[in-house]
Amino acid sequence: MSQKLRPPSVPLVTNDPYLSIWSAVDHLYDDHTCHWTNKRNSMVGIILIDGKPRRFMGKVELVEARPYEEPPSLEQKSLQVDPLTSTYTFAGDGIELEVSFMTPLLLDDLDLLSRPASYVTFRVRSVDGKPHDVKIYFDISGECCVNTPDQEVIWSREIINDQIVSLRMGTEAQPILQRVGDDTRIDWGYFYLAAKGTSDLKTVIHSYNARKRFVETGQLPESDDEQQPRSLVDNPPVMAVVLGLGEINEDWASDYLVLAYDDIHSIEYFGKPLDAYWRRNGMTFADMLVLAVEQYDEIQEKCDTFHSQLINESKDAGGEKYQDILSLAYRQAIAAHKLVCDENGDILFFSKENFSNGCIATVDVSYPSIPLFLHYNPELVKGMMRPIFRYAGSPDWKFDFAPHDVGTYPKANGQVYGENKLEFQMPIEECGNMLIMAAAVSLYEEDASFAKAHWGLLSKWANYLLENGLDPENQLCTDDFAGHLAHNANLSIKAIMGIGAYSIMCKMLNDSVAETKYLMSAKEMASKWEGMARVQDHSKLTFDSESDTWSLKYNLVWDHLFGLHLFSDELKAKELSFYRTKQNQYGTPLDNRNTYTKADWFVWSASMAESKEDFEKMIAPLWDFLNESSSRVPLTDWYDTVTGKQSGFQNRSVVGGLFIQLLNRK
């Protein structure tokens, strides 16, 4: 079996924080597919070749206590993870099978990006010079529409526009937008399995024993008249489809299925339920499915074009390993969000702080993610910031600094982090983040009107940093897992860059007096910083710590990208040289206190390298971590650089930050 990179977990169906199914094994048939939270979301694929069943995805048995001899599998020959697709190739019994999972998250087409629809495409050909009769069985279990298996589900089947056969399953209770939290799965709305209606198409919603029936007989059960509602505990129901491909020869024969989820309402926004972006003009779910089928070829072509663009661009910017890393990170970064509109029709792009605490629209999660979105569509960065501006400008927010979040996903009704107690806030962190993000959007759009619309808050936060930012008091920063820290040198850089970012926006808004004031203040603070933090060959962790302490000064990257030159080039060069001396097998630690690192900050630091070759050398250990780690989870941004094991977090949007090297090419 050959592949460029062995991902720790492979994205299969990745639309949003709820519709998110992965394979956390080397071979697609080694184990059940799962939700990003590691809970089982079983999908099964079986191919019938001249009457002989061969598994290519998942496992048939769903009740662990029941002994069952799984049918033999085809041999998996390769896996290719591209930005929008994951493609497996199998071979055996005279045929070659290609199975491709595609989620068209194209950042320049928000209607398409927001559709809760993914595709599974099957391509089969004969490789032994003989014809073969082929059928493909595919199913999805009811696990994909519940939070826990004891919840009862109902189901139905319908024909849409005389052309699409649609199977549907969801909970009977339908607690829309009621469940909040981190390690949770959606338990409202309906999962759909849809296919073009043909004479060779067979469908059924039945007990999971439909899988066993197909293995034994090559047929589906005759009836889907099963008792409902029913829980998934002892006899989980599945939505099953059989595609009859007929006699296969040397030419590829193909067909596809659409996997989609109707969440009805997506987000609660200050007490009001909001629908997904694709629904903003009144489109129905059935209409969306029809478009998904009608536009299949066009969407496939768009995705292929984008693959070529991003693959070539990332390889040119950072080498082949960087290309692999970005291809794995792309869908995850986007699908950790939900795209909706507010009452004014403005875009809101809500992140979920996955396996961290479940917060929604977290500022210090948005901040590391923005390189991907700046590069392809800065409007989405505005969509991250709008909920924060609205909340910070309301009477409910009592502080002079920026909030951390606006709730717990999917309820965006006000900050929940740290119970809103002052000691658990991140004053310098979030003010700096919001100012840097606003300046970045202004620069990449070449238009500061968005910043102008929120100028009062941005000005308040810039002044807060002027007064409090140079030598931060004991407080949390985005790396809150490391605990409170006083006199944090890297956090001080964040404050200085926030003030510099504000001066950029002043210039763009033709306020030369304010521009001069804040730019000179930032330069003075940077000069003081170097005197307080620098030692012979690096800078310290905190201003009052010993000279042998250190940390990744990843916030310096904006001095590099904004072209402000607040800090000396000599400082940056010495920092990068020093980081290389501290590099372990899987990367450079975050600081001297522990051996763990953050993948986003590690790559941000590397992106300040003077040459592509130096960048490649610095990020190569991250590729090794992904390829070798025993932690089989969607890409984690927090891991140990010695053991290669996950420290925490997975499937977070912050991996959008890994795209920062592409901003160097603007």
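The values are calculated or read from the model by the stated rules, or taken from the named source; none is laboratory data. All values derive from a computational prediction rather than experimental measurement. Here the Cβ positions follow ideal geometry from the backbone for every residue, glycine too, while neighbour counts run over all protein chains shown.
Scanning region 542-573 for residues that are within 33 Å of the chain's Cα centre (by Cα), outside any loop (DSSP other than H, G, I, E, B) and within 24 Å of Tyr518 (Cβ to Cβ) yields Tyr554, Asn555, Leu556, Val557, Trp558, Asp559, His560, Leu561, Phe562, Lys572.
Filtered by the rule that a residue be touching a Leu at 6+ places or on another chain (Cβ under 8 Å) and of a type in the set (Gly, Ala, Ser), region 486-499 gives Ala489, Ser492, Ala495, Gly498.
Number of residues in region 301-335 that are polar (S, T, N, Q) and in contact with a Ser or Thr (Cβ under 8 Å, 6 or more places away or on another chain) equals 4. Selection of first residues in region 33-50 that are free of Cβ contacts under 8 Å to residues at least 24 places away in the same chain and of second residues that are part of a strand (DSSP E or B) and of a type outside the set (Phe, Trp, Tyr), restricted to Cβ pairs under 8 Å at least 6 apart or on distinct chains, gives the following pairs, ordered by first then second residue: Cys34/Ile21; Cys34/Ser23; Cys34/Arg40. Whether a residue is farther than 19 Å from Met434 by Cα, outside any strand (DSSP E or B) and at pLDDT 95 or above was assessed, and Glu467 does not pass this test. The selection criterion, being in contact with a helix residue (DSSP H, G or I) (Cβ under 8 Å, 6 or more places away or on another chain), surrounded by 15 or more Cβ atoms within 10 Å (Cβ to Cβ) and touching a residue at least 24 places away in the same chain (Cβ under 8 Å), holds for Phe191. Screening region 384-434 for residues that are part of a loop (DSSP other than H, G, I, E, B) and of a type in the set (Val, Ile, Thr) and picking the one that is surrounded by the fewest Cβ atoms within 10 Å (Cβ to Cβ) gives Val416. Of the strands (runs of 3 or more DSSP E) lying entirely inside region 15-109, those carrying at least 2 residues that are more than 27 Å from Gly358 (Cα to Cα) and touching a strand residue (DSSP E or B) at 6+ places or on another chain (Cβ under 6 Å) are 43-49, 52-57, 75-81, 85-92, 95-102. Does Tyr502 count as touching a Leu at 6+ places or on another chain (Cβ under 8 Å), crowded, with 24+ Cβ neighbours inside 10 Å and of a type in the set (Ser, Thr, Tyr)? Criteria met by Tyr502. Scan region 291-310 for residues that are of a type in the set (Asp, Glu) and in contact (Cβ under 8 Å) with a residue 40 or more places away in the chain and the total you get is 0. Across region 509-527, not a single residue is classified as polar (S, T, N, Q) and within 16 Å of Met434 (Cβ to Cβ). A single entry from Arg185, Arg211 fulfils the requirement of being modelled with pLDDT of 90 or more and either β-branched (Val, Ile, Thr) or assigned to a helix (DSSP H, G or I) (or both): Arg211. When the test is whether a residue is in a loop (DSSP other than H, G, I, E, B) and surrounded by fewer than 21 Cβ atoms within 10 Å (Cβ to Cβ), Arg179 passes it. The criterion of at least 1 residues that are within 30 Å of Ile95 (Cβ to Cβ) is met by the following strands (runs of 3 or more DSSP E) wholly inside region 223-272: 237-248, 253-262.
Scanning region 82-110 for residues that are surrounded by fewer than 23 Cβ atoms within 10 Å (Cβ to Cβ), within 27 Å of the chain's Cα centre (by Cα) and of a type in the set (A, V, I, L, M, F, W, C) yields a count of 3. Selection over region 194-203 of residues that are surrounded by 15 or more Cβ atoms within 10 Å (Cβ to Cβ) and either assigned to a loop (DSSP other than H, G, I, E, B) or at pLDDT 95 or above (or both) gives a count of 3.
Summed over region 127-171, residues that are assigned to a loop (DSSP other than H, G, I, E, B), in contact with a Ser or Thr (Cβ under 7 Å, 6 or more places away or on another chain) and surrounded by fewer than 14 Cβ atoms within 10 Å (Cβ to Cβ) total 1.
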